[in-house]
Amino acid sequence: MNYVLDILPPLLEGTGVTLQVFAITLVLSIPLGLALALLRISRFGFVSGLVNGYIWLMRGTPLMLQMLFIYFALPFVPVIGIRLPDFPAAIMAFVLNYAAYFAEIFRAGILSIDRGQYEGARVLGFTYPQTMRRIVLPQVIKRILPPMSNETITLVKDTSLIYVLAMNDLLRAARGIVQRDFSTTPFVVAAAFYLIMTLVLTYGFQRLEKKYAVYD
Amino acid sequence: MTEQAMIRAVDLHKHFGPVEVLKGVSLDVNKGEVIAVIGPSGSGKSTFLRCLIHLETIHRGTIEIEGETLVSTDAGGHCHYAPDADIRRICGKMGMVFQHFNLFPHLTVLQNIIEAPMTVKGMSRDEIVPTAEALLKKVGLFDKRDVFPSRLSGGQKQRVAIARALAMAPDILLFDEPTSALDPELTGEVLRTMRELAEEHMTMVVVTHEMAFAREVASRVIFMDGGNIVEERPAQEFFAAPEHPRTRAFLENML
Ligand SMILES: Nc1ncnc2c1ncn2[C@@H]1O[C@H](COP(=O)(O)OP(=O)(O)O)[C@@H](O)[C@H]1O
Ligand SMILES: [Mg+2]
């Protein structure tokens, strides 16, 4: 037990990094995903096709590859070549990748809304943006809560991929201690931390689903 | 004051792909008139209404609402719609009630009614709530004020939809089979509300299969078939002595 208390500080520090990556990714990729979804369903065929290609690329290649590319290869790409420090590089990869997944969730949600809702709004004088903001998206949120919950929980665990950029997240912190002390206890503690994080998320999403169930 | 038509539709043509749905429909609606549009399924009744309020676009013809041109067709046969802002203003003179209500499920009854006045007209909540409550009393649903639509019967939903349309203070109301999705015992309450509107001289165009309503409330009856208006007469005459054989066949089927 004392040993567990001993290793807590570095593991908590690692959890901090994990939570940062998680939170920043979520806050940035949800709006980006929504924007991509709206472009994807827009009347502009060219833009829609472009977004479609982007989503295909992001979902069709491993997130780890994307992260390695942004960190190691992006500096050598002509014109846009920039060298990002590890943390921003990781965030960028996560945001670009998760936005693609969120875009597909939003798109499916938006398309599931009955045409009558648009027509009902239209004959009352709503513009398209007003219809989206006031009528469609509030209903979409309720419908996409289950898949969003899934993705969000996946994101918690995906954050461990940043170990390839040698960042000290929860998993890497645990592994460091395992190698130092020849004990697997840090892995067990790390697993418990992940479980607590996903438990909190699951609970949060359940609360949201209950809140949105009032109008069923 | 010159008598100006509330709706003036001239020679409307509309097709979906190769299918011609409106083949030159013309209709003038005067202030305070109640027009019943009847006809077999697929005859273009809904499409006609939807073209009037710009849910569908026409391919030829002219539509004027209270003297303002929504769309016109030049000598070369090309259709010209008004600019978007004008379309919005012109169509804002009309409200529409749908067969399937199209209430906003995430909003309560009151919110359904005040949403458009607030978002579209920029009215404040305090301004519109008394109006909305008065409308709810008028359609007999004041006690359902804070209930979500899912808790309402079909008849109640449709009355909320009527109140919602009225909250935008339209000059004209279009109804597309407002009672067709309702259980028979619930049609009466909706028809009663519509009858009251007619008595207040609301201008209405009503697509309906309720022949009794058409006979008693409508000033004129339009019979559509195959994308044309086949017969158009004052309601009493229409039912007393339908002229066209197809009208007669249709009416015999309905009774
Ligand atoms: N969006 C559409 N796309 C293709 N065909 C349509 C569409 N809407 C209506 N139609 C066709 O147009 C014809 C007239 O339909 P509609 O106006 O709904 O008739 P009614 O309301 O009199 O039953 C029907 O043959 C219908 O199948
Ligand atoms: Mg119809």
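The values are calculated or read from the model by the stated rules, or taken from the named source; none is laboratory data. None of these values were measured; they are calculated from a predicted model. Cβ sites come from the backbone with ideal geometry, for glycine too, and all protein chains shown count toward neighbours. Keep in mind that these areas ignore ligands, DNA and RNA; they rest on the heavy atoms of the full protein, side chains included. Shrake-Rupley method; radii C 1.70, N 1.55, O 1.52, S 1.80 Å.
Observations on the structure shown:
- Most fluctuating residue given options A:Arg59, A:Arg175, A:Arg43, as computed from a GNM of chain A linking Cα atoms under 10 Å: A:Arg43
- Of all aspartates and glutamates in the structure, the ones whose alpha carbon falls short of 20 Å from that of A:Lys210, not counting any fewer than 8 places away in one chain, are A:Glu151, B:Asp146.
- For the protein assembly as shown, share of DSSP beta bridges that run antiparallel, in % to the nearest 5: 60
- With Cα atoms, 0 to 90° folded angle of helix A:170-181 axis to chain A main axis: 10
- Cα-based helix-to-principal-axis angle, B:125-138 vs chain B, degrees rounded to 10: 70
- Excluding same-chain neighbours fewer than eight residues apart, the lysines reachable from B:Lys137 by a Cα-Cα span under 22 Å are B:Lys157.
- Ordered by solvent-accessible area of protein heavy atoms (1.4 Å probe), largest first, the residues B:Glu68, B:Glu232 come out as B:Glu232, B:Glu68.
- Beta bridges per DSSP with both ends in the range B:71-205, % antiparallel, nearest 5: 30
- Ordering of A:20-26, A:89-95, B:31-37 by burial proxy (mean other Cβ atoms within 10 Å per residue, highest first): A:89-95, B:31-37, A:20-26
- Rel. contact order, % - alpha carbon contacts under 8 angstrom, at least six apart, the range B:103-169: 47
- Separation in nanometres of the label points that stand 7 Å from Cα toward Cβ, at B:Arg125 and A:Arg59: 3.9
- Note on A:Arg133 and B:Glu237: the model spin-label points, each 7 Å out from Cα along the C-beta direction, lie 5.2 nm apart.
- For chain A: relative contact order, % (alpha-carbon pairs under 8 angstrom, 6 or more apart): 28
- Filter on A:Lys142/B:Lys121; A:Lys142/A:Lys211; B:Lys23/B:Lys45; B:Lys23/B:Lys93 - keep pairs with C-alpha separation over 20 Å: A:Lys142/B:Lys121; B:Lys23/B:Lys93
- Only protein heavy atoms count here; under a 1.4 Å probe, B:Ile90 has an accessible surface of about 0 Å².
- Here each label is just a point 7 Å from Cα along the line to Cβ, and for B:Met211 and B:His244 those points are 1.7 nm apart.
- Ranked from largest to smallest solvent-accessible area, with a 1.4 Å probe on the protein heavy atoms, B:Lys138, B:Lys45 come out as B:Lys138, B:Lys45.
- Ordered from largest to smallest accessible area (heavy atoms of protein chains, 1.4 Å probe), the residues A:Arg83, A:Arg107 come out as A:Arg83, A:Arg107.
- Over chain B, dividing the summed -39,500 (n - 2.57) contributions of all DSSP H runs of at least 4 residues by the number of residues returns a 222 nm mean residue ellipticity of -11000 deg cm²/dmol.
- Three-way shape label, chain B, alpha-carbon gyration tensor, a/c 1.5: oblate
- Global geometry of the range B:103-169, whether rounded, prolate or oblate, following the gyration tensor of its Cα atoms and the 1.5 cut on a/c: prolate
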